[in-house]
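Okay, structure first, notes after.
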Amino acid sequence: MLGNCSTIVCFRVGAEDAPIIGTAIDFAAQSLMDLGRGEAFMRTLNSRGAPTNAHYIETRRAELPTGRFEANVRMTRAKFARKRADVERKTKL
């Protein structure tokens, strides 16, 4: 979620945050949890300073001119990724 005093942009959020943000932008919590990559809901102020209704927006994937995107993804995965089976075993209730 990105926000300042007059604009809120909400990308996909989890179950704990969705009801809070949903209330702030007057939108269903489940809709905020179901957003896909690059999808968001945005609320801002109109020209008279009153909040607008939240509306759906799509963002474009950033093109990185450095040519380092794939290397950055590999490094991030190597450093932080966990095997699915390990995660499932640790989170099993």
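Key figures for this structure:
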{"quantity": "Lone unmet requirement of (1) of a type in the set (G, A, S); (2) part of a helix (DSSP H, G or I); (3) surrounded by 10 or more Cβ atoms within 10 Å (Cβ to Cβ) for A78", "calculated": "(3)"}
{"quantity": "Tally, over region 42-61, of residues that are of a type in the set (A, V, I, L, M, F, W, C), in contact (Cβ under 8 Å) with a residue 12 or more places away in the chain and more than 14 Å from I21 (Cα to Cα)", "calculated": "2"}
{"quantity": "Only listed residue being assigned to a loop (DSSP other than H, G, I, E, B) and out of contact with any His (no Cβ under 6 Å at 6 or more places or on another chain), chosen from V9, V13", "calculated": "V13"}
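Matching residues to (1) surrounded by 14 or more Cβ atoms within 10 Å (Cβ to Cβ); (2) closer than 15 Å to S6 by Cβ; (3) at pLDDT 90 or above:
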{"site": "P19", "(1), (2), (3)": "yes, no, yes"}
{"site": "A28", "(1), (2), (3)": "no, no, yes"}
{"site": "L35", "(1), (2), (3)": "yes, no, yes"}
{"site": "R48", "(1), (2), (3)": "no, yes, no"}
{"site": "Y56", "(1), (2), (3)": "no, no, yes"}
{"site": "L64", "(1), (2), (3)": "no, no, no"}
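The values are calculated or read from the model by the stated rules, or taken from the named source; none is laboratory data. None of these values were measured; they are calculated from a predicted model. Heads up, the Cβs are rebuilt from the backbone with ideal geometry, glycines too, and the neighbour counts pull from every protein chain shown.
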